[in-house]
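Peer 1: Quick one: the structure is below, and I'll ask about it shortly.
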Amino acid sequence: MNSRERFLSACRFLATDRVPVWAMRQAGRILPEYRALRERRPFVEIVRTPELAAEATLQPVRRFGTLDAAITFSDILVVPEALGFAYHFKEGSGIAMERRLDTLAQIDALPPPELVRERLDYIAQAQRIVKDALAGTKALLGFAGSPWTLALYMVQGGHFDDGARLRDLAKNEPAAFEKLMEKLSDAVAQNLLLQIEAGGVDAVQIFDSWAAYAADDYQGLSAKWISRVINAVGGRVPVIVFAKGLDDYGILAGTGANVLSVDSRLPMSVVRERLAPQKIVLQGNLDPAVLLETDLETVRSRTRAVLDDMAGGNGFIFNLGHGVPVGARLEAFAAMLETLEASKK
Ligand code: CP3
């Protein structure tokens, strides 16, 4: 079976010859070929230029032939940008938004979701180039930020402060909050439908990177809106949900997600037990810090430990608990992949 078949089989609980593998943030700064590209072009330009975004998407799968999926090189912040809330990188690190959303009038004035789809067409153009290059050998993933996480960037303006402004909006002006979340959910849905219908992706992942700030009312603040997006996707492709820092996997399973991406705080088998008897595909969850290790035997044994923990069942995709960290060693990444390949039946 090829990588694409392996990945899609795991998404449907079918048997595979080994567990499929990819890594969040596999493209980007850890690769010397990406850094060379970045020296010549700003990040936002790479994202917006289909040939360059395709190149950055393909770099990790070219270097590491046993990766089973490519993830489209883009950013969750392209949706706020298409809605008129542009972003830039701060000196050093971190994100700043060009302006902050703070009035109901601004929420009313947000452009309609169809316009978001039009403005983001460059993503689908990049995906078609990647699809041609992959020729069905590997899965291609699309993605978007969750409505809650995107609202945080827009309302907090890049200063998170535990999400205080957005949480106040939800509490004190529930109608305005609902309107914002509806509009964002529909924009995210259009972005994903664009990637599925025009870009041809095999699966999509929704990143709720700031789920932890919604934890006390996760259903109302975030899960409800993720469900709305998943409904709009309508089963066209598998949907993976990654809610970083959230322990209530039951709520996440209730969104209609096909796959839950699990961070590194709990062993995967514990998450599987908590969800039983529900059957839902799990993705994860090697601690990203393992990739900073200089001792490759440690990398191999930690990778095997995650595999052993989930042994004896289908419906498992190997990944990290979060993105590949800055400073990850390429040798460590390769040792992780070799360990997966060595587990082949
Ligand atoms: O390889 C991949 O995973 C695909 C590409 C991808 C990027 N961003 C490229 C990128 C994906 C899937 C994302 C998602 C994303 N973007 C998330 C959700 C994932 C997560 O980590 O929880 C979030 C929160 C963002 C917003 C964002 N974009 C941040 C916080 C940053 C880092 C800013 C900094 O430098 O401190 C970015 C920039 C970014 N997105 C880079 C890349 C490769 C680095 C840009 C560069 O310097 O080249």
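The values are calculated or read from the model by the stated rules, or taken from the named source; none is laboratory data. These numbers were taken from a predicted model, which means no experiment stands behind them. Reconstructed Cβ throughout: ideal geometry from the backbone, glycine too, with neighbour counts over all protein chains shown. Side chains included, ligands, DNA and RNA excluded: accessible areas come from the protein's heavy atoms. Shrake-Rupley method; radii C 1.70, N 1.55, O 1.52, S 1.80 Å.
Peer 1: Would you pick out the residues in the stretch 287-300 that are touching a residue at least 24 places away in the same chain (Cβ under 8 Å) and exposed (fewer than 14 other Cβ atoms within 10 Å of the Cβ)?
Peer 2: Thr294 - this is the single residue of the stretch 287-300 that is touching a residue at least 24 places away in the same chain (Cβ under 8 Å) and exposed (fewer than 14 other Cβ atoms within 10 Å of the Cβ).
Peer 1: Might you let me know whether the stretch 96-116 holds any residue that is within 13 Å of the ligand (Cβ to nearest atom) and modelled with pLDDT under 95?
Peer 2: Checked against the condition, which is being within 13 Å of the ligand (Cβ to nearest atom) and modelled with pLDDT under 95, the stretch 96-116 yields at least one hit.
Peer 1: Can you tell me which of (1) assigned to a loop (DSSP other than H, G, I, E, B); (2) open to solvent by 10 Å² or more (accessible area, probe 1.4 Å) is the one Glu114 doesn't meet?
Peer 2: (1)
Peer 1: Within the group Ile240, Ile230, which residue is under 18 Å from the mean Cα position of the chain (by Cα), open to solvent by 10 Å² or more (accessible area, probe 1.4 Å) and of a type in the set (A, V, I, L, M)?
Peer 2: On inspection, the qualifying residue turns out to be Ile230.
Peer 1: Right, here's the next one. Given the residues Thr49, Thr57, which is the only one that is farther than 29 Å from Ala305 by Cβ and within 8 Å of the ligand (Cβ to nearest atom)?
Peer 2: Step by step, each of Thr49, Thr57 is checked, and only Thr57 is farther than 29 Å from Ala305 by Cβ and within 8 Å of the ligand (Cβ to nearest atom).
Peer 1: So, Val259, is that one open to solvent by less than 10 Å² (accessible area, probe 1.4 Å), more than 16 Å from the ligand (Cβ to nearest atom) and within 20 Å of the chain's Cα centre (by Cα) or not?
Peer 2: No, not satisfied.
Every residue, every condition in (1) surrounded by 16 or more Cβ atoms within 10 Å (Cβ to Cβ); (2) within 17 Å of Ala23 (Cβ to Cβ), yes or no:
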residue: Ser264; (1), (2): yes, yes
residue: Ala276; (1), (2): no, no
residue: Arg302; (1), (2): yes, yes
residue: Phe318; (1), (2): yes, yes
residue: Val326; (1), (2): no, yes
residue: Leu337; (1), (2): yes, yes
residue: Leu340; (1), (2): yes, yes
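Peer 1: Taking interchain pairs and intrachain pairs at least six residues apart, which have beta carbon atoms under 8 angstrom, with the first residue in the stretch 22-39 and within 17 Å of Ala53 (Cβ to Cβ) and open to solvent by 50 Å² or more (accessible area, probe 1.4 Å) and the second assigned to a loop (DSSP other than H, G, I, E, B) and aliphatic (A, V, I, L, M)?
Peer 2: As it stands, the answer is Arg25/Val324; Arg29/Val326, since those pairs meet every condition given.
Peer 1: Right, next: Just one of Ala211, Ala311, Ala328, Ala215 is hydrophobic (A, V, I, L, M, F, W, C) and out of contact with any Leu (no Cβ under 7 Å at 6 or more places or on another chain); which is it?
Peer 2: Only one candidate passes the filter, namely Ala311.
Peer 1: Pairs, please: C-beta under 6 Å, at least 6 apart or cross-chain, first residue farther than 18 Å from Pro238 by Cβ and in the stretch 198-220, second aromatic (Phe, Trp, Tyr) and part of a helix (DSSP H, G or I)?
Peer 2: Ala214/Trp148
Peer 1: Hey, can you tell me all the residues within the stretch 1-34 that are outside any loop (DSSP other than H, G, I, E, B), within 16 Å of the ligand (Cβ to nearest atom) and within 17 Å of the chain's Cα centre (by Cα)?
Peer 2: Those that are outside any loop (DSSP other than H, G, I, E, B), within 16 Å of the ligand (Cβ to nearest atom) and within 17 Å of the chain's Cα centre (by Cα): Phe7, Val21.
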